[in-house]
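The values are calculated or read from the model by the stated rules, or taken from the named source; none is laboratory data. Just so it is clear, the model here is predicted, and its values are computed rather than measured. No Cβ is skipped: glycine too gets one built from the backbone with ideal geometry, and neighbour counts run over all protein chains shown. Note: accessible area is taken over every heavy atom of the protein model, side chains too, but ligands, DNA and RNA are not part of it. Shrake-Rupley method; radii C 1.70, N 1.55, O 1.52, S 1.80 Å.
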Amino acid sequence: MSKKWQITVPGSTANLGPGFDSIGLGLSLYLKLDVSLQDSWEIIHLDDNGPSEFELEQHLLYIIAKKIADQYKKNLPTCRVEMASELPLARGLGSSAAVIVAGIELANQLCDLKLTVQDKLNLSSQIEGHPDNATASVLGGLTISSMDENGIVDTFHVNDINASFVVYVPDVELKTSESRSVLPKQFDRAYAVRASANANMLAASLMVRDFERAGHYMEADLFHEPFRSTLIPQYVEIKEAAKANGAYGTALSGAGPTLISIIPTAIAEGFVATMQANFPEHHIILTKADEHGVQVI
């Protein structure tokens, strides 16, 4: 095992409208860890304000790495970790799932666990509670997943998603727990049938790469967006402007508050410039699907 290595984990978007808790997409926005063995633990965040150090026992990365090491009855070696992230916290871009996947990979490397891809899918989804963001960070690309009562994940994985994505990140946080609190406890049968049909059509459209049709079904969610939309800054305005400027469709990224559009790559630069001019209070990012998932160098 190398004494120094880099772990890179893509962020992700989840749901893409009606694919609630099951569809994920790895994005080319990354969490990066530079790891080196040393005599004591040190976790340092690198950001625009310079490095900052965090309390070890309360840090999610350490908690996950220690949990996995303990689960496999291994002692977790001490190391220095420098973390740099392009993923804003509590914005619906899979920041917590990325740290979970990174923590699993950190334990895998430090303890030489030789985890399989399936192990990583199961462990990350069990910890996250659902497989959408977790599978996308492990595999990259598009993932359509189910997790059974034993925590075993089954995933369809599709790469070569030849479209561009634009995320609209507001300067407000929205905790997933708060966003979940507004959801109904149950739906009537006819409503649930329509909602699940839209989810099926979204998944099928994405798998055959019919992005125009996928965009339509991204905007046809009945499971969560009708109830969460009032929590999201300029939800209606952004969706309408995006469609008027050529987007295939726009949906909440995960639980929000970030929105995400799928657009033709040919219009990408002009589209972003127009949307940024119209919504200057949002940080608007052009990105694409990550093709690799978690990587170790």
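Compare Val208, Val35, Val138 in a GNM of the chain, Cα atoms joined below 10 Å, and give the one with the largest fluctuation.
In the Gaussian network model the winner is Val208.
Can you give the angle from 0 to 90° between the axis of helix 117-128 and the longest principal axis of the chain, with both taken from C-alpha atoms, to the nearest 10?
With both axes taken from Cα atoms, the answer is about 70 degrees.
Determine ³J(HN,Hα), in whole Hz, for all residues of region 147-159 in sequence, where each value follows from phi through the Karplus function 6.51 cos²θ - 1.76 cosθ + 1.60 and θ = phi - 60°; x replaces Gly and Pro.
Values, residue by residue: 10, 7, 5, 9, x, 8, 9, 10, 9, 8, 10, 10, 9 Hz.
With every protein chain kept in the model, how would you rank Glu128, Glu281, Glu240 by accessible area, 1.4 Å probe, largest at the top?
Glu240, Glu281, Glu128
In a GNM of the chain with a 10 Å cut-off on Cα contacts, which of Pro18, Pro184, Pro170 has the highest mean-square fluctuation?
Pro184
Using only alpha carbon pairs under 8 Å that are at least six residues apart, calculate the relative contact order of the chain and give it in whole percent.
26 percent
What angle, in degrees between 0 and 90 and rounded to the nearest 10, separates the Cα long axis of helix 95-110 from the longest principal axis of the Cα atoms of the chain?
Between the helix axis and the principal axis of the chain, the angle is about 30 degrees.
Given a 10 angstrom Cα cut-off, can you work out which residue in Leu61, Leu183, Leu174 is the most mobile in a GNM of the chain?
Leu183
Filter Lys4/Lys73; Lys32/Lys288; Lys67/Lys175; Lys73/Lys120; Lys4/Lys66; Lys3/Lys74 down to the pairs with a C-alpha to C-alpha distance above 21 Å, please.
Lys4/Lys73; Lys67/Lys175
When DSSP assigns beta bridges and you keep just the ones with both residues in the chain, what percent turn out antiparallel, to the nearest 5?
90 percent
Where in region 89-111 does the amide nitrogen come within less than 17 Å of the point 7 Å from the Cα of Ser181, taken along Cα to Cβ?
Only 90-91 fall inside the zone, counting backbone N under 17 Å.
Rounded if a/c is under 1.5, else prolate if a/b is larger than b/c, else oblate: which is region 164-288, with a ≥ b ≥ c the root eigenvalues of its Cα gyration tensor?
Note, shape of region 164-288 comes out oblate.
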